[in-house]
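This report concerns only the one structure given below.
Derivation of every value follows stated rules applied to the coordinates shown; laboratory data play no part. Remember, predicted model here, so these are calculated numbers, not experimental data. Note that each Cβ is placed from the backbone with ideal geometry, even for glycine, and that neighbours are counted across all protein chains shown.
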Amino acid sequence: MANENIVHEATERKKTSNLDEPSFTFSQEVFLSLVQHLPIGIVCFEYESVALYNPVAEQLFSTLGYTPKKLWNLEEFLKSVLDIREPLRYAHLYTKRLHLTNGELFILEFTIVSTPEPSVTFLILKDVTDLFTYRESIEEMDRLLVVGELAAGLAHEIRNPLASLRGFTQMIQRSKDPDSNLSYTQIMLNELDRINGLVEELLQLAKPRSQPFFQRNLIEILNSVVILLNPQAIVKSCAIHLSVENWDWQQNVLCQPNKLKQAFINLIKNAVEASEPGRIIDVIVKRTHKFVDIFIIDDGPGIDDSILHHLGKKFITTKESGTGLGLMLSQSIISDHMGQLEILKNEKRGTEVRIRLPVCQ
Ligand SMILES: Nc1ncnc2c1ncn2[C@@H]1O[C@H](COP(=O)(O)OP(=O)(O)OP(=O)(O)O)[C@@H](O)[C@H]1O
Ligand SMILES: [Mg+2]
């Protein structure tokens, strides 16, 4: 009965209270106790000097070999210790990778928050090293799974040119006409180049992830994804069509090429898997002002609403041997590239995936 009253009172209070006009006021002690116990680091500045910091902030600073007590100029600290070169932005979420003196990686997330009091600023810090390394290990797992799957498809694809190489070698062995041998060797060289190209693409993807961002031609990236997925499409008698509308061929995107490939492979692979035999998977590239849009459209049954609701949050799969990692990772890779990923049901066809990426100006 007593509990019911408490719940009732709380509900009534919730109905009448409003965030702008709270129905209660915190005493300074309550506020300080909250700051002291929060699991994130907080440093409060008043007129450029540190007025307050909590134990988590102290611990994070000590990891960096620093102490909040020494902080007298926030901007100087961010420049010299965290190597932030750009002009500071309030309420912006910064993520900084640092190498500690012991060689360990330390990833810090922080935000600078202004307050209604112009002289007071908060620095909010969070150690996200575990979170990021966990995410990276999942990405790595997905990459290796994809490489394994593609390797099976490519091994199958390599058998065809190998068979023709064998045939031509036998023909040359038996032939007495050097002129026809010349034409055989040209075909054999083409077949060898084809095998080489397939193996090269797979090796590129299997290489350890390239962390830095490079300017790369998007069409070349998409072309190599199509080369890698073609064997799977061919097995299903499907075809992947890549078409480009008003794209300046010199135009690049700033990207981590292997990661971007991983996202496209996951998305186009899903389209191939959803397609009935004989269907076409369209990959269309369109330039729109500062962005490039990539559409991946299939004729499958269309993506389930229940999956769309959880996009990027959970590992959901409707496939017997699926992991449900593909969409989640593709979304996080695209957002790391300052892009957007949208999945919808195409009115006339199956699923339509839209990816928007900024282009290099
Ligand atoms: N093009 C599509 N058409 C229809 N359903 C799709 C499409 N793409 C994704 N889905 C649905 O979303 C689910 C999640 O896709 P995701 O790529 O994350 O994992 P998966 O394909 O099931 O497994 P994996 O990628 O490990 O092979 C799929 O199981 C499928 O039900
Ligand atoms: Mg998938």
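General observations
- As a proxy for reagent exposure, Tyr53, Tyr66 were ordered by neighbouring Cβ count within 10 angstrom, fewest first; the result is Tyr66, Tyr53.
- Note on the stretch 28-110: along the principal axes its Cα atoms extend 39, 27, 23 Å, ordered by decreasing extent.
- Geometric extent, Cα atoms of the chain - Rg, Dmax (angstrom): 28.1, 103
- Taking the average, over residues, of other Cβ atoms within 10 Å as the packing measure, peptides 192-198, 124-130 rank 124-130, 192-198 from highest down.
- Loop sites in the stretch 256-361: chymotrypsin sites (Phe, Trp or Tyr not before Pro), DSSP, at most 14 other Cβ within 10 Å: Phe315
- Given charges at beta-carbon only (K, R positive; D, E negative), |dipole| of the stretch 133-358 in Debye: 220 debye
- Relative to the dominant Cα principal axis of the chain, helix 2-16 is inclined by about 80°.
- Sites Gln340 and Asn181 - FRET efficiency at Förster radius 51 Å, r taken between beta-carbons, to 0.05: 0.35
- Separation of the Ser114 and Asn102 label points, Cα + 7 Å toward Cβ, nm: 4.0 nm
- Per-residue extension of 0.36 nm, minus the Cα-Cα distance of Gln170 and Arg85, leaves a gain of 24.1 nm for this segment.
- Cβ-derived FRET efficiency at R0 30 Å, Glu273 paired with Asp305, nearest 0.05: 0.95
- Residues of the stretch 35-56 with amide N under 19 Å of a point placed 7 Å along Cα→Cβ from Glu29: 35-38
- Protection proxy ranking, peptides 131-139, 331-339, average beta carbon neighbours within 10 Å, highest first: 331-339, 131-139
- Highest-MSF residue in the chain out of Ala155, Ala163, Ala206 [GNM, Cα springs under 10 Å]: Ala163
- When DSSP beta bridges are restricted to pairs lying wholly in the stretch 133-358, around 75% turn out antiparallel.
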